[in-house]
Amino acid sequence: MTEVTLARAQAGDGEAFRELIEPYHRELQAHCYRILGSVQDAEDVLQEALLAAWRSIGRFDGRSLRAWLYRIATTRCLNYLRGESRRPQPADPLDQDTRWSGPLRSDEPWWLQPYPDDLSGLAPGPEARYATRESIALSFVAGLQHLPPQQRTVLVLRDVLSFSATETAGILGTTPTAVNSALIRARGNLPPTPDPDEVPLPHSPTEAAIVDRFVTAFERLDLDELVALITSDVRLTMPPEPLELRGPQAVGGFLLQAHLGHDLKLVPTRANGQPALVLYLPDPAAPLWRANGLVVLTLRGNQISALTRFSNLGLLARFGFPRTLQRA
């Protein structure tokens with residue numbers, strides 16, 4: 001930020017304002033996503049926050065543009081969470097006639113959405129407790145949604161973004177003592193997340209080998225190979241559906257039964273720092289593949305410990321995928 005650019009923005013120059021905020025746009029969107037758990041909500045709230053910043057840039061004191069933008073974005077997120085639209089709705093009762101064996105009621109936040117890797121540009125600060133890939137991982141974001149909004153926000157500001165207690169207090173309009181108290185409670189209440197040392201590195205040969213084996217087994221509907229690839233405590237969840245499946249036989253059986261009799265096409269992508277696959281099924285009436293969903297894989301060692309399936313096809317555009325592909 002230069003004094004000249006700031007002065008231009010405060011004089012009403014929209015291009016200067018965009019120049020000021022551009023370096024922070026991606027990290028602010030990832031921040032809103034961590035707090036809200038939904039890419040769509042994060043985009044909407046961030047747009048409101050940036051509009052509010054533009055309207056109030058004349059009152060910015062020039063000290064820390066980043067902290068000022070985070071204060072506006074965080075306030076907007078908290079206001080959104082106070083609204084009725086963000087309160088978890090009761091799930092419908094499970095269908096007792098379901099074909100899948102062993103369905104359980106899921107505690108996964110129903111509003112959870114995957115986050116494209118190319119949007120998550122953030123280098124953690126020196127005091128951050130979480131590496132970049134940990135702080136955007138689907139299980140971490142899902143775990144945050146179980147915390148009260150204030151605890152959730154404090155944990156993200158302190159342990160992910162490395163703001164000091166004093167800076168966090170300024171962003172939230174509270175005291176450092178209150179921030180430290182909320183942080184202790186948040187750390188104690190955050191559901192456990194995978195040990196990062198057990199997760200293969202992104203784009204590593206180990207990760208690629210697991211994904212390749214899974215794609216081959218899934219496209220062939222090879223139950224034995226699918227079961228061999230998943231851990232004994234594997235979970236399959238399908239936000240916003242209120243159920244989950246646990247265990248190799250239940251998860252492998254679901255994948256087999258749900259797609260039996262169909263050709264499959266799986267196209268690799270990445271979400272939340274994890275491997276993901278876009279699932280296409282053949283159109284019976286046209287030479288097309290039609291998108292059916294996106295599956296995010298959580299890896300542990302050389303196996304898959306969780307699958308999170310998203311059926312909202314509106315999300316695919318954010319990952320750069322069309323809803324249809326031509327069949328050869």
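The values are calculated or read from the model by the stated rules, or taken from the named source; none is laboratory data. What you see is a predicted model, and the numbers here were worked out from it, not measured in a lab. Note that each Cβ is placed from the backbone with ideal geometry, even for glycine, and that neighbours are counted across all protein chains shown.
For the reader, a short list of remarks on this structure follows.
- Inside the stretch 48-75, residues that are over 22 Å from V160 (Cα atoms) and of a type outside the set (K, R) make up a count of 11.
- Conditions (1) more than 30 Å from L144 (Cα to Cα); (2) in contact (Cβ under 8 Å) with a residue 24 or more places away in the chain; number of the one not met by E198: (1)
- Residue match in the stretch 312-327 (condition: free of Cβ contacts under 8 Å to residues at least 40 places away in the same chain, charged (D, E, K, R) and farther than 25 Å from R133 by Cβ): yes
Let's see how each residue does on (1) modelled with pLDDT under 95; (2) outside the structural domain of A11 (by TED's automatic domain parsing):
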| residue | (1), (2) |
| --- | --- |
| S56 | no, no |
| Y70 | no, no |
| R76 | no, no |
| Q89 | yes, yes |
| D107 | yes, yes |
| P114 | no, yes |
| R133 | yes, yes |
| Q150 | no, yes |
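- Within the stretch 276-296, restricting attention to residues that are of a type in the set (A, V, I, L, M, F, W, C) and in contact with a Pro (Cβ under 9 Å, 6 or more places away or on another chain), the residue that is surrounded by the fewest Cβ atoms within 10 Å (Cβ to Cβ) is L288.
- Residue-level analysis places E225 outside the set of residues that are of a type outside the set (F, W, Y), in a helix (DSSP H, G or I) and in contact (Cβ under 8 Å) with a residue 24 or more places away in the chain.
- Only one entry in P200, P242 is in contact with a Ser or Thr (Cβ under 8 Å, 6 or more places away or on another chain) and closer than 16 Å to A142 by Cα, namely P242.
- All of A182, A217, A142, A209 fail the test of being over 20 Å from E27 (Cβ atoms), assigned by TED's automatic domain parsing to the domain that holds L294 and buried (at least 18 other Cβ atoms within 10 Å of the Cβ), apart from A217.
- Restricting the first member to the stretch 8-26 and to residues that are touching a residue at least 24 places away in the same chain (Cβ under 8 Å), and the second to residues that are among the aromatic types (F, W, Y), the beta-carbon pairs closer than 6 Å and six or more apart or on different chains are A9/F17; F17/W54.
- Residues in the stretch 156-174 that are crowded, with 24+ Cβ neighbours inside 10 Å and without any contact (Cβ under 8 Å) to a residue 60 or more places away in the chain were compared, and the one that is nearest to Q274 (Cα to Cα) is R158.
- Hey, S181 among the small types (G, A, S), part of a helix (DSSP H, G or I) and in contact with a strand residue (DSSP E or B) (Cβ under 8 Å, 6 or more places away or on another chain) or not: no
- Filtered residues of the stretch 1-57 (kept if within 30 Å of P240 (Cβ to Cβ), small (G, A, S) and in a helix (DSSP H, G or I)): A30, A42, A49, A52
- Spans of strands (runs of 3 or more DSSP E) in the stretch 264-323 with at least 3 residues closer than 14 Å to D118 by Cβ and of a type in the set (S, T, N, Q): none
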